[in-house]
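These notes are about the structure you will find just below.
The values are calculated or read from the model by the stated rules, or taken from the named source; none is laboratory data. Owing to the predicted nature of the structure, the values given are computational and were not obtained by experimental measurement. Glycine gets a Cβ as well: all are built from the backbone with ideal geometry, and neighbour counts include every protein chain shown. Heavy atoms of the whole protein, side chains included, go into the accessibility calculation; ligands, DNA and RNA do not. Shrake-Rupley method; radii C 1.70, N 1.55, O 1.52, S 1.80 Å.
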Amino acid sequence: MTFHIFCDFDGTITTRDATDFVLERLAAPEWLEIEAKWQKGLIGSAECMRLQIGLINATRQELGQTLDEVQIDEGFPEFVNFCRHTNTPLTIISDGVDYFIRYILTRYRLGTIPVIANRLTITPNNVYQLDSPWSSDKCASGAGVCKCSFVSEERAPRVYIGDGRSDFCVSNKPEIVLAKGTLISHCKKNDTPYIPYQNFHDVMDELKHLLQNLPLRKAV
C-alpha cells in the first residue's frame, strides 16, 4: 500500500513558527499591524506574508543566525528515514518561506525533501521580496500556497500532517489527517475525522499501521 504524505512545516516540523520568529527578531514592528489585519480576515495570507517579509531588515548572515535558533521535532529525522526506507513519498507543503524551510532542513541534513512554499528573493542590498508561485485565484483563504490544489491532485491515498490555521482548508481533502494544536479544534468543529499526535514518534507509529495495512487507531 502506497501513501503520499503531505506535511506542514511551521509549528508542525519545527517547535516554533520560523516565520514569526524571524519577523519578531528582524522585521519592523509594523508586521504586527499586518498580522492583525490578516487575523480579522481583512487580507489574505499571501498578501499578509508579502507585506511582512518586506519589512525585514537584515543581512543573510543575520538571517542565518536567527534561523539557527529554530529547532525541529526531535523525532522528525527518524520519521524521514522511515519514509525513505519504506519508499513512502513525503512532501513539505507550507504557506511559509522556502528559504527559511530549506535553511533549517539543511542544518539537519534533510535538504533533499521536496518543498512547496512561498519563494523568497534577497537582493544584493538586502531587500526581501516574497513571491507566491503556488497561489490560486480559487483559493478560499487567499493563501500564498494553495494546499488544497496540490493535495487534491494526488491520486494515491493521502496523509496530511498539520497543526494550525494554514491547514484548515485542506484538512477535509486527504484520507488521513494527523492533527495537533488549533487544527484539532477545527477538525472537531467541522466533524472532520483526525488522529491526534504530539510528536513525530507518534506520527511514525501511525504510519507503521498504515503501511502494514492494519486498522488505524480509531480517529477522534
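Points to keep in mind about this one:
- Looking only at residues in region 93-119 that are out of contact with any helix residue (DSSP H, G or I) (no Cβ under 7 Å at 6 or more places or on another chain) and assigned to a loop (DSSP other than H, G, I, E, B), the one that is least open to solvent (accessible area, probe 1.4 Å) is Pro114.
- Counting the residues of region 55-77 that are among the charged types (D, E, K, R), assigned to a helix (DSSP H, G or I) and surrounded by 13 or more Cβ atoms within 10 Å (Cβ to Cβ) gives 1.
- If the condition is being part of a helix (DSSP H, G or I) and under 15 Å from Gly96 (Cβ atoms), then region 1-25 contributes Ala18, Thr19, Asp20, Phe21, Val22, Leu23, Glu24.
- Exactly one residue out of Asn118, Asn125 is at negative phi and without any contact (Cβ under 8 Å) to a residue 12 or more places away in the chain, and it is Asn125.
- Restricted to region 26-40, and to residues there that are touching a residue at least 24 places away in the same chain (Cβ under 8 Å) and part of a helix (DSSP H, G or I), the residue that is surrounded by the most Cβ atoms within 10 Å (Cβ to Cβ) is Trp31.
- Within region 121-145, restricting attention to residues that are in contact with a strand residue (DSSP E or B) (Cβ under 9 Å, 6 or more places away or on another chain), surrounded by 13 or more Cβ atoms within 10 Å (Cβ to Cβ) and assigned to a loop (DSSP other than H, G, I, E, B), the residue that is modelled with the lowest pLDDT is Ser141.
- Screening region 41-54 for residues that are touching a helix residue (DSSP H, G or I) at 6+ places or on another chain (Cβ under 7 Å) and in contact (Cβ under 8 Å) with a residue 40 or more places away in the chain and picking the one that is surrounded by the fewest Cβ atoms within 10 Å (Cβ to Cβ) gives Ile43.
- Arg84 being over 20 Å from Thr2 (Cα atoms) and either free of Cβ contacts under 8 Å to residues at least 12 places away in the same chain or open to solvent by 50 Å² or more (accessible area, probe 1.4 Å) (or both): no
- Residues of region 87-108 that turn out to be in contact (Cβ under 8 Å) with a residue 24 or more places away in the chain and of a type in the set (D, E, K, R), as a count: 2
- When Ser185 is tested against (1) surrounded by 13 or more Cβ atoms within 10 Å (Cβ to Cβ); (2) over 20 Å from Val80 (Cα atoms); (3) modelled with pLDDT of 90 or more; (4) among the small types (Gly, Ala, Ser), exactly one condition is not met: (1).
- Taken together, Pro89, Pro114 contain a single residue that is in contact with a His (Cβ under 9 Å, 6 or more places away or on another chain) and of a type outside the set (Ser, Thr, Tyr), which is Pro89.
- With respect to being in a helix (DSSP H, G or I), hydrophobic (A, V, I, L, M, F, W, C) and either open to solvent by less than 40 Å² (accessible area, probe 1.4 Å) or without any contact (Cβ under 8 Å) to a residue 60 or more places away in the chain (or both), Leu207 fits the description.
- For region 137-158, the criterion of a residue being in contact (Cβ under 8 Å) with a residue 24 or more places away in the chain, under 19 Å from Glu206 (Cα atoms) and touching a helix residue (DSSP H, G or I) at 6+ places or on another chain (Cβ under 9 Å) is satisfied by at least one position.
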